[in-house]
Amino acid sequence: MASVTADNVAWERYTLPADTKDSDVLARITFSTVSSARPLHKIVDLVAELSTNSPQTKNVIVMTGRSRRMAVESHAGELQELITERGASMSSMVPKTLGDVGAALVVSGAPASLLVLQAASSS
């Protein structure tokens, strides 16, 4: 299954549940779709805003994928912008290990827990 299709199937499974057995859990999770010309900057800003506006008893958890194998666009340039803006440095292995979103959150010092996923076919 193509990466975008798999992402959409998973997204719809949890954001539009037909089954009520998950409704209690899903009520505590915020799902949103946001478009941006600068997606890494946007996710960094959203995480900072969520962390600021959340009670101290709640942790912000970001789940992201890391594979860029089937990606249509590269975020390497924007990631480099973030690194430069923050006066940071980063090994080339960080985006390879965490993906562009994970690397952006690390370089920004985002106050959130980061869960990086990668799908793999079973053989």
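Quick notes on this structure:
- Of the residues Ala110, Ala104, the single one that is touching a residue at least 12 places away in the same chain (Cβ under 8 Å), under 13 Å from the mean Cα position of the chain (by Cα), in a loop (DSSP other than H, G, I, E, B) and closer than 22 Å to Asn53 by Cβ is Ala110.
- Residues in segment 37-55 that are in contact with a helix residue (DSSP H, G or I) (Cβ under 8 Å, 6 or more places away or on another chain) and more than 11 Å from Leu105 (Cβ to Cβ): Arg38, Pro39, His41.
- Thr57 vs. criteria among the polar types (S, T, N, Q), part of a loop (DSSP other than H, G, I, E, B) and within 13 Å of the chain's Cα centre (by Cα): no
- Checking each residue of segment 80-92 against the condition of being at negative phi, touching a residue at least 60 places away in the same chain (Cβ under 8 Å), part of a helix (DSSP H, G or I) and open to solvent by less than 40 Å² (accessible area, probe 1.4 Å) gives no match.
The values are calculated or read from the model by the stated rules, or taken from the named source; none is laboratory data. None of the values given here were measured: they were computed from a predicted structure. Backbone-built Cβ (ideal geometry, glycine too); neighbour counts: all protein chains shown. Heads up: the accessible areas ignore ligands, DNA and RNA and are worked out on the full protein's heavy atoms, side chains in. Shrake-Rupley method; radii C 1.70, N 1.55, O 1.52, S 1.80 Å.
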